[in-house]
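The values are calculated or read from the model by the stated rules, or taken from the named source; none is laboratory data. Small disclaimer: the values here were computed from a predicted structure and weren't measured. Using ideal geometry, Cβ is built from the backbone for each residue, glycine included, and neighbour counts are taken over all protein chains shown.
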């Protein structure tokens with residue numbers, strides 16, 4: 001390979017089912033450790049790590065053949081995941097294809113929930129972290145800034161976000177189907193992060209009034225409870241109090257199951273005639289999948305909700321071609337700008353250019 005090359009390597013919801021994405025997911029500690037390891041790979045000039053519930057992707061600038069393979073090996077080794085197995089689910093693109101992919105991801109065109117806007121913030125956060133660590137340079141700085149511009153352009157000039165169906169809205173609709181009016185339901189939110197908060201607000205907008213929040217950090221649960229006009233509950237009380245709730249929204253960052261089958265069985269013995277509805281928005285999953293076998297227990301995870309939302313995709317389907325055409329035009333123009341930099345070795349041997357361009 002002459003010069004340098006832009007690449008993306010990873011796995012997404014398109015080919016990797018939820019059970020595989022759980023095994024590939026990175027917590028905060030693993031992310032930091034992996035970043036440090038990747039920074040030591042010779043020939044990896046720049047890189048950014050994007051990790052969400054639906055994807056883990058490495059965007060990089062390689063100065064030699066085999067660099068992407070080294071990134072893959074480092075990741076698989078850390079996750080105790082066979083490289084051979086990883087390649088069954090792998091996304092691997094270079095050059096213009098990698099650039100086009102980033103633009104489509106940032107614009108929400110590659111999401112499970114077509115047209116979602118949350119991914120824009122997640123990409124910005126991933127890029128910001130890479131920049132703060134000194135892992136981006138002339139190429140990725142330009143590429144990501146232009147991706148943000150392109151995403152904003154698409155949202156402004158197409159209807160891709162109109163009629164958007166979010167995970168939260170799908171969950172609320174399912175709960176309404178089970179319980180009818182939500183006015184008398186008792187809802188427990190496990191985890192005090194953004195996705196859980198959005199889902200809780202969606203329930204409140206549909207008439208749910210009795211909401212409790214539990215988090216491993218009680219002070220954070222209290223803060224969110226105050227924002228929502230809800231009650232805060234110590235996390236350890238969850239198994240004891242589970243029978244008192246009708247709907248449990250699970251969105252923690254735990255690395256293992258937090259709602260066991262035993263806890264659900266005990267709760268259902270106290271409420272055999274009343275349904276118990278779990279919405280598991282976590283990755284890895286918070287709820288033991290086997291609880292769905294229990295009569296009157298309903299469990300939906302991220303992939304389940306996405307499949308339901310996909311049925312509502314038709315309203316935005318016509319916009320996909322228009323969006324892709326706009327992004328392709330911008331990707332082609334951007335590639336013509338950065339290809340000479342790559343061929344020339346970007347900012348030079350061993351040098352990282354941290355300059356950014358205005359969004």
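Numerical summary
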| read-out | value |
| --- | --- |
| Residues within region 27-41 that are part of a loop (DSSP other than H, G, I, E, B) and at pLDDT below 95, tallied | 1 |
| Residue 46 vs. criteria outside any loop (DSSP other than H, G, I, E, B) and either surrounded by fewer than 19 Cβ atoms within 10 Å (Cβ to Cβ) or without any contact (Cβ under 8 Å) to a residue 60 or more places away in the chain (or both) | no |
| Wholly enclosed strands (runs of 3 or more DSSP E) of region 214-307 bearing at least 2 residues in contact with a strand residue (DSSP E or B) (Cβ under 7 Å, 6 or more places away or on another chain), under 20 Å from residue 174 (Cβ atoms) and in contact (Cβ under 8 Å) with a residue 24 or more places away in the chain | 247-250, 276-280, 297-301 |
| Selected residue (criterion: modelled with the highest pLDDT) from residues of region 310-353 that are surrounded by 14 or more Cβ atoms within 10 Å (Cβ to Cβ) and part of a loop (DSSP other than H, G, I, E, B) | 345 |
| Residues satisfying the stated conditions in region 74-109, i.e. within 27 Å of residue 168 (Cα to Cα), touching a strand residue (DSSP E or B) at 6+ places or on another chain (Cβ under 7 Å) and part of a loop (DSSP other than H, G, I, E, B) | none |
| Test set (1) out of contact with any helix residue (DSSP H, G or I) (no Cβ under 9 Å at 6 or more places or on another chain); (2) surrounded by fewer than 21 Cβ atoms within 10 Å (Cβ to Cβ) - residue 225 fails condition number | (2) |
| Selected residue [surrounded by fewer than 20 Cβ atoms within 10 Å (Cβ to Cβ) and touching a helix residue (DSSP H, G or I) at 6+ places or on another chain (Cβ under 6 Å)] from 64, 74, 33 | 74 |
| Condition check for residue 184: in the same structural domain as residue 332 (by TED's automatic domain parsing) and either within 21 Å of the chain's Cα centre (by Cα) or modelled with pLDDT of 90 or more (or both) | no |
| Qualifying position, being under 30 Å from residue 333 (Cβ atoms) and modelled with pLDDT of 95 or more, among 6, 109 | 6 |
| Output for region 110-121, where each listed residue is surrounded by fewer than 20 Cβ atoms within 10 Å (Cβ to Cβ) and part of a helix (DSSP H, G or I) | 118, 120, 121 |
| Any hit, region 69-78, residues being assigned by TED's automatic domain parsing to the domain that holds residue 139 and under 23 Å from residue 142 (Cβ atoms) | yes |
